[in-house]
Amino acid sequence: MHRVNRTGQDGERFLGAVDAVVRAQMCSGCGLCAAMDPRLRMREVNGFQRPVRVTDEPLPPARDRELARQFHAACPGVQVRAQRPAGSHRDATLGPVQGLWAAHATDPATRFRGSSGGVLTALNTFLLAEGEATSVLGARADAADPRRTVPVTIMSREQALQAAGSRYGPTATLSAQAAPLRADQAVTGKPCEASALRAHARAAGTDAPVILSFFCAGTPQQGATDALVEELGLPEGAPLEDLWYRGRGWPGEFTAVARDGRRVRTGYSASWGAALGPTVQWRCRVCADGVGESADISAGDYWELDAQGDPDFAERPGRSVLVARTARGRDIVLRAAAAGVIALEPVSARSAVARQPYQSARRRLLLGRLLGTRLLVGRVPSYRGFGLLGSALRAPRATWRELRGTITRIRDRRRRGFRS
Ligand SMILES: Cc1cc2nc3c(=O)[nH]c(=O)nc-3n(C[C@H](O)[C@H](O)[C@H](O)COP(=O)(O)OP(=O)(O)OC[C@H]3O[C@@H](n4cnc5c(N)ncnc54)[C@H](O)[C@@H]3O)c2cc1C
Ligand code: SF4
């Protein structure tokens with residue numbers, strides 16, 4: 001069903017290239033290809049967002065060749081290049097850095113509603129209020145069925161607040177508007193969406209929009225959300241009024257509210273850790289960029305640490321780690337702070353990395369995962385500039401263990417019926 005094209009012939013090169021990425025299970029579901037060509041729509045396939053061809057209309061060969069060229073440069077299932085913005089220095093885990101802070105929104109409602117410190121929502125609102133962005137593309141719960149997540153075009157503070165909070169389900173943010181976007185627009189999206197946008201603007205010869213991103217451990221399968229709601233006591237398909245994964249506190253609780261008023265909830269470790277995280281698509285397991293390197297600004301959790309130095313998920317007022325990567329990003333952060341929209345406290349890279357054990361371990365051992373995936377699945381994205389070989393050479397035994405573990409995990413996933 002999700003095959004968009006089998007041939008790759010003249011006039012069909014672009015769709016053939018998209019199909020090859022999807023078949024290799026390297027599609028992240030970012031939606032860029034659907035934004036490039038209206039013959040594609042993003043649909044749910046095996047619980048993830050995938051491009052599906054909706055018309056047989058061919059493209060003129062010159063247009064087809066141009067789209068294929070842009071796709072090869074920008075699709076995160078084909079390649080991701082680590083960017084080196086002028087004036088930044090590179091941290092092995094955090095990527096390019098021009099400013100690093102612990103931060104939170106100063107407006108209590110935004111801080112409360114946000115996933116961690118509400119800084120992305122505060123910055124979205126600031127960009128709109130300053131006229132620096134005419135709209136911000138983001139993601140929010142589908143009003144018709146809040147179990148699902150849909151892209152949203154944010155034009156006001158109210159809409160930004162409604163879209164606050166992390167959505168641990170598939171959504172193809174970039175599919176909502178035709179690519180390339182304009183420089184007076186903004187996007188808040190996953191790292192794969194940020195890299196697709198940045199690389200596509202470069203390939204299309206346009207100025208990129210303002211790009212905000214967040215640290216990301218991957219997109220869980222839609223079915224994991226549906227099953228969790230049921231497991232917590234609401235019948236399958238019961239109409240919902242709202243569903244949020246976290247936020248409304250830090251980290252907040254996974255909460256589903258039925259239209260008849262019933263409410264079920266569970267904590268962050270039980271929802272992300274036990275139910276959702278294990279279903280993350282394989283493309284995300286082999287991702288070199290879980291920190292939004294291609295964005296102007298990216299944010300993650302600035303967890304407190306317990307006595308053993310591990311992240312402590314006890315409830316408290318939210319705090320994000322905020323990374324300015326480009327001069328444009330740094331300028332926006334500093335102006336938002338001067339305007340009193342966000343509060344900043346400079347922190348060291350070492351302190352930020354200590355609070356992100358998953359991100360630093362994944363990057364350190366990624367080469368082993370990529371090799372294991374290459375052996376069993378056949379194709380992986382090309383990553384340049386992330387220092388993966390250097391990391392593997394510094395830890396050869398751990399990389400070898402990761403390779404063997406990857407093969408076991410892929411076989412296990414196949415036994416359990418995972419197709420992505
Ligand atoms: C799938 C996923 C995995 C994550 N993994 C990590 C991790 O490993 N480590 C870590 O530190 N942080 C992770 N986060 C990020 C973290 O939960 C917060 O988003 C981050 O700390 C910023 O918080 P905030 O309060 O500033 O953002 P908020 O003010 O809550 O704003 C969040 C913004 O992100 C957008 N958004 C939410 N979900 C999605 C989505 N699925 N796709 C596209 N846009 C979306 C919203 O529209 C909103 O604009 C993850 C988030 C997601 C969605
Ligand atoms: S990763 Fe994005 S651009 Fe590439 S095939 Fe999937 S949806 Fe399309």
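The values are calculated or read from the model by the stated rules, or taken from the named source; none is laboratory data. Not measured: the values here are computed from a predicted model. Note that each Cβ is placed from the backbone with ideal geometry, even for glycine, and that neighbours are counted across all protein chains shown. Ligands, DNA and RNA are excluded from the accessible area calculation, which covers all protein heavy atoms including side chains. Shrake-Rupley method; radii C 1.70, N 1.55, O 1.52, S 1.80 Å.
Determine whether segment 65-77 contains at least one residue that is part of a loop (DSSP other than H, G, I, E, B), open to solvent by 10 Å² or more (accessible area, probe 1.4 Å) and closer than 23 Å to CYS287 by Cα. Taking every residue of segment 65-77 in turn, at least one turns out to be part of a loop (DSSP other than H, G, I, E, B), open to solvent by 10 Å² or more (accessible area, probe 1.4 Å) and closer than 23 Å to CYS287 by Cα. Mind telling me which of the residues ARG330, ARG379, ARG335, ARG374 ends up being assigned to a loop (DSSP other than H, G, I, E, B), open to solvent by 60 Å² or more (accessible area, probe 1.4 Å) and not hydroxyl-bearing (Ser, Thr, Tyr)? Residue meeting the stated conditions: ARG379. Among the residues of segment 81-100, which ones are touching a strand residue (DSSP E or B) at 6+ places or on another chain (Cβ under 7 Å), more than 12 Å from GLY329 (Cβ to Cβ) and among the hydrophobic types (A, V, I, L, M, F, W, C)? Within segment 81-100, ALA82, LEU94 qualify. Report yes if ARG369 is basic (Lys, Arg), in the same structural domain as ALA324 (by TED's automatic domain parsing) and within 24 Å of the chain's Cα centre (by Cα), otherwise no. Spelling it out, it is not the case that ARG369 is basic (Lys, Arg), in the same structural domain as ALA324 (by TED's automatic domain parsing) and within 24 Å of the chain's Cα centre (by Cα). Scanning segment 101-111 for residues being more than 16 Å from VAL333 (Cβ to Cβ) and more than 12 Å from ligand 1 (Cβ to nearest atom) gives a total of 1. Please determine whether any residue of segment 338-355 is within 11 Å of ligand 1 (Cβ to nearest atom), farther than 21 Å from LEU388 by Cβ, surrounded by 18 or more Cβ atoms within 10 Å (Cβ to Cβ) and under 23 Å from the mean Cα position of the chain (by Cα). Scanning segment 338-355, I find at least one residue that is within 11 Å of ligand 1 (Cβ to nearest atom), farther than 21 Å from LEU388 by Cβ, surrounded by 18 or more Cβ atoms within 10 Å (Cβ to Cβ) and under 23 Å from the mean Cα position of the chain (by Cα), so the answer is yes. Scanning segment 109-134 for residues that are open to solvent by less than 10 Å² (accessible area, probe 1.4 Å) and in a loop (DSSP other than H, G, I, E, B) returns GLY114, GLY117, GLY118, ALA133.
Table: residues versus (1) touching a Pro at 6+ places or on another chain (Cβ under 9 Å); (2) surrounded by 15 or more Cβ atoms within 10 Å (Cβ to Cβ); (3) under 30 Å from PRO108 (Cα atoms).
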position: PHE215; (1), (2), (3): yes, yes, yes
position: GLY218; (1), (2), (3): no, yes, yes
position: ALA224; (1), (2), (3): yes, yes, no
position: GLU236; (1), (2), (3): no, no, no
position: LEU240; (1), (2), (3): yes, yes, yes
position: LEU243; (1), (2), (3): yes, yes, yes
position: ARG246; (1), (2), (3): no, yes, yes
position: TRP250; (1), (2), (3): yes, yes, yes
position: PHE254; (1), (2), (3): no, yes, yes
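Flag set for ALA172, criterion: within 16 Å of ligand 2 (Cβ to nearest atom) and under 29 Å from ALA227 (Cβ atoms).
Residue count for segment 82-99 under the criterion of being assigned to a strand (DSSP E or B) and buried (at least 20 other Cβ atoms within 10 Å of the Cβ): the result is 2. When restricted to residues that are in contact with a strand residue (DSSP E or B) (Cβ under 9 Å, 6 or more places away or on another chain) and farther than 20 Å from VAL22 by Cα, segment 373-420 contains 4. Among the residues that make up segment 35-43, is at least one of them open to solvent by 10 Å² or more (accessible area, probe 1.4 Å), within 16 Å of ligand 1 (Cβ to nearest atom), of a type in the set (D, E, K, R) and not assigned by TED's automatic domain parsing to the domain that holds LEU137? So far as segment 35-43 goes, no, none of its residues is open to solvent by 10 Å² or more (accessible area, probe 1.4 Å), within 16 Å of ligand 1 (Cβ to nearest atom), of a type in the set (D, E, K, R) and not assigned by TED's automatic domain parsing to the domain that holds LEU137.
Can you pull out the residues in segment 154-171 that are touching a helix residue (DSSP H, G or I) at 6+ places or on another chain (Cβ under 8 Å) and open to solvent by 50 Å² or more (accessible area, probe 1.4 Å)? Matches in segment 154-171: MET155, ARG157.
One residue is enough: does segment 143-151 have a residue meeting the conditions within 16 Å of ligand 2 (Cβ to nearest atom), aliphatic (A, V, I, L, M) and either without any contact (Cβ under 8 Å) to a residue 60 or more places away in the chain or not assigned by TED's automatic domain parsing to the domain that holds GLU315 (or both)? Yes, segment 143-151 contains at least one residue that is within 16 Å of ligand 2 (Cβ to nearest atom), aliphatic (A, V, I, L, M) and either without any contact (Cβ under 8 Å) to a residue 60 or more places away in the chain or not assigned by TED's automatic domain parsing to the domain that holds GLU315 (or both). Of the residues GLY372, GLY329, GLY290, the single one that is within 16 Å of ligand 2 (Cβ to nearest atom) and not hydroxyl-bearing (Ser, Thr, Tyr) is GLY290. Considering the conditions (1) among the aliphatic types (A, V, I, L, M); (2) within 25 Å of THR255 (Cβ to Cβ); (3) without any contact (Cβ under 8 Å) to a residue 40 or more places away in the chain, ALA201 is excluded by exactly one of them, (2). Residue count for segment 130-157 satisfying the condition of being within 29 Å of ARG316 (Cα to Cα) and of a type in the set (Gly, Ala, Ser): 5.
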